[in-house]
């Protein structure tokens, strides 16, 4: 089945069900949400994912202890309540009595013990294993220095799950909304092995179940009648339609084949606003668009050279001309907007672009590079008109400095898979969206142990500052100062090259209700309905 031949709305969903063979054809009265998405997930195993595209789907399929509502506010999830010890280090969660898996079996505290231990098991190779390092012995388990049962998680009884932390962790509850902290069904995994995650097999505990996944085409979710809050879920079918070509997605939206899409071709932004009016949603988004630079590969091991590259990039031009002012120039890894935190900006942030370029030329000349001896650099980026236009702009900006830039494009799934496997590259486009509203989510990806440390950046000073911040969890002001010092070290050493601060770019049909704009750009399908 090709996307171009999909029919609109209900007819479209019916054709999908017919293609599934064993799946029942939905009633014409079913509410169907055709949800466009700019890339395909690598996996739907919650412990083996890292992108926002996977997060969107997993948020519909699974439910962690704590979840987010339509405005990204914290709400109870699989846990109906929780208590925190006076010293802020022990969290005790009471699971809801009506929480069951999609196969009807109860969701228990042991499911969460298993899931947390599995995330830290070195054999899982979870990129987000380091996220749970605040838990007692989690890091030791992940490094093979402790046994899983020594981790600070336990089932007090079938409905009571307890977590012990090394130190107070202000963002802990919000962190639990991330897919890495979702439970998985051990019985299903033991029975089916790697096939547990396939349509028809996947046992989940969220508002929807997995009906179909046709690679490079669509993922179909259907309402889970066993979900504890199924009575409030109005949308019966969610079709995630993967379309990397942003311009094509706009045409499909206009034709009624998509009810929303999670990106825009920004070079068309003015025309799109004129055509679609209030259906275009652009606003502040807690994220940083950056270039990872391979710090363990010559010649990029030299921080002076990395800094010269960073200085020479004209962020104002990229924000204004490439992104049509829908993004902001970025000089720090942590974007503005986090209460109590002041980001550490690059030392050249207040200098004119001409002065920056002159300094960059001096550094390059000192290192032996120039028009007569060009520095060769490859930029990798994932499929998107926006990413291509950004890379081309940087290619042109670096050319006068004697830097010969070549470009390499792959689809998003391949691109991030390559980075996660520590592939051989020079510079690669990346982006980080907040997993929780705290500076640590942006800085933690540059830690040595992080599976998301694409630059392979290693700095003892940075690690020391991050450890100090973690230990100061109970003293908010001191902790924020320590995090700012860590960011200062990383920015000065150019562990990554921040370029822009994100805005969300959504197109949303006026027929949708419950799609609420928020700085996390989180929109659980369970809260969305359609006229």
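The values are calculated or read from the model by the stated rules, or taken from the named source; none is laboratory data. A quick note: this is a predicted structure, and the numbers were derived from the prediction, not measured. So basically every Cβ, Gly included, is an ideal-geometry build from the backbone, and we count neighbours across all protein chains shown.
Structural remarks
- Test result for residue 210, more than 16 Å from residue 505 (Cβ to Cβ), surrounded by 21 or more Cβ atoms within 10 Å (Cβ to Cβ) and in the same structural domain as residue 41 (by TED's automatic domain parsing): yes
- Leading residue by the ranking (surrounded by the fewest Cβ atoms within 10 Å (Cβ to Cβ)) among those in region 139-190 that are in contact with a strand residue (DSSP E or B) (Cβ under 8 Å, 6 or more places away or on another chain) and part of a helix (DSSP H, G or I): 173
- Residue 444 closer than 21 Å to residue 119 by Cβ, touching a residue at least 40 places away in the same chain (Cβ under 8 Å) and in a helix (DSSP H, G or I): yes
- Residue satisfying condition, being within 25 Å of residue 438 (Cβ to Cβ), modelled with pLDDT of 95 or more and in contact with a helix residue (DSSP H, G or I) (Cβ under 9 Å, 6 or more places away or on another chain), within set 136, 184, 203: 136
- Condition broken by residue 360, with the remaining ones in (1) at negative phi; (2) surrounded by fewer than 22 Cβ atoms within 10 Å (Cβ to Cβ) satisfied: (2)
- Filter result for residue 205 (surrounded by 17 or more Cβ atoms within 10 Å (Cβ to Cβ), in a loop (DSSP other than H, G, I, E, B) and within 25 Å of the chain's Cα centre (by Cα)): yes
- Qualifying residues in region 144-184 (those that are closer than 18 Å to residue 450 by Cβ and without any contact (Cβ under 8 Å) to a residue 24 or more places away in the chain) - the one farthest from the chain's Cα centre (by Cα): 145
- Candidates in region 364-399 are the residues that are assigned to a helix (DSSP H, G or I) and over 35 Å from the mean Cα position of the chain (by Cα); of these, the one that is farthest from residue 246 (Cα to Cα) is 366.
Listed here are the residues, each with its yes/no results for (1) farther than 25 Å from residue 188 by Cβ; (2) modelled with pLDDT of 95 or more; (3) surrounded by fewer than 17 Cβ atoms within 10 Å (Cβ to Cβ); (4) not assigned by TED's automatic domain parsing to the domain that holds residue 200.
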residue	(1), (2), (3), (4)
69	yes, yes, yes, no
101	no, yes, no, no
117	no, yes, no, no
123	no, yes, yes, no
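Residue-by-condition table, conditions (1) surrounded by fewer than 21 Cβ atoms within 10 Å (Cβ to Cβ); (2) touching a helix residue (DSSP H, G or I) at 6+ places or on another chain (Cβ under 9 Å); (3) assigned to a loop (DSSP other than H, G, I, E, B):
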residue: 257; (1), (2), (3): no, yes, yes
residue: 282; (1), (2), (3): yes, yes, no
residue: 285; (1), (2), (3): no, no, no
residue: 298; (1), (2), (3): yes, no, yes
residue: 304; (1), (2), (3): yes, yes, no
residue: 309; (1), (2), (3): no, yes, no
residue: 335; (1), (2), (3): no, yes, yes
residue: 351; (1), (2), (3): yes, yes, yes
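- Residues considered: 78, 39. Of these, the only one that is crowded, with 21+ Cβ neighbours inside 10 Å, more than 26 Å from residue 120 (Cα to Cα) and touching a strand residue (DSSP E or B) at 6+ places or on another chain (Cβ under 8 Å) is 39.
- Options 104, 99; residue that is touching a residue at least 12 places away in the same chain (Cβ under 8 Å) and on the phi > 0 side of the Ramachandran plot: 104
- Counting the residues of region 416-441 that are in a strand (DSSP E or B) and either within 24 Å of residue 176 (Cβ to Cβ) or outside the structural domain of residue 345 (by TED's automatic domain parsing) (or both) gives 3.
- You will find that of 226, 273, 234, the residue that is in contact with a strand residue (DSSP E or B) (Cβ under 9 Å, 6 or more places away or on another chain) and free of Cβ contacts under 8 Å to residues at least 24 places away in the same chain is 273 and no other.
- Considering region 117-137, and only residues there that are without any contact (Cβ under 8 Å) to a residue 24 or more places away in the chain and in a helix (DSSP H, G or I), the residue that is nearest to residue 170 (Cα to Cα) turns out to be 122.
- Residue under evaluation residue 487, criteria (1) crowded, with 23+ Cβ neighbours inside 10 Å; (2) not assigned by TED's automatic domain parsing to the domain that holds residue 86; (3) not in a helix (DSSP H, G or I), criterion not met: (3)
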